[in-house]
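Read-outs throughout are calculated quantities, based only on the coordinates presented, and are distinct from any laboratory measurement. Values in this document were obtained by computation on a predicted structure and should not be read as measured data. With ideal geometry, Cβ positions are generated from the backbone for all residues, glycine too; neighbour counts draw on all protein chains shown.
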Amino acid sequence: MLNPADTWFFNKEESVKACLLFLRAHILETDPDITEHWHYGMPFFNYRGKRICYLWVHKKLHQPYIGLVDGKLIEYPDLLLENRSRMKILLIDPERDIPVEKINQILISALALRQ
């Protein structure tokens, strides 16, 4: 029996699913204190009990993204605020190479906010 997060991932279109599953594994491998939790109908990632980011698919662009809790405090050119007041997102094109170094830099900034 799949848990809600696994079901959410496996119900996505193939290219989006592959991208999201990579992002999930990569975020969890970033630090041993990062754990995955199911909140608000989406996979969230916590660092020492505090939320740092989540995964979702952009409704208009149909691209996966990493949503950063308190992203407004992170200055990085590719982060989008859109109509959000607190969170910024990093869109990921599932048809291109995943920008691992960029993701690592942003995750390091997000973890630093929780130290």
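Here ILE27 fits the description: touching a residue at least 40 places away in the same chain (Cβ under 8 Å) and either in contact with a strand residue (DSSP E or B) (Cβ under 9 Å, 6 or more places away or on another chain) or in a loop (DSSP other than H, G, I, E, B) (or both). Considering only the stretch 65-78, state which residues are more than 14 Å from the chain's Cα centre (by Cα) and part of a strand (DSSP E or B). Within the stretch 65-78, none qualify. When we screen GLU95, GLU82 for residues that are assigned to a loop (DSSP other than H, G, I, E, B) and at positive phi, the only hit is GLU82.
If I filter the stretch 51-64 for residues that are farther than 17 Å from ILE98 by Cα, part of a strand (DSSP E or B), touching a residue at least 12 places away in the same chain (Cβ under 8 Å) and not hydrophobic (A, V, I, L, M, F, W, C), do I get at least one hit? Checking the stretch 51-64: at least one residue is farther than 17 Å from ILE98 by Cα, part of a strand (DSSP E or B), touching a residue at least 12 places away in the same chain (Cβ under 8 Å) and not hydrophobic (A, V, I, L, M, F, W, C).
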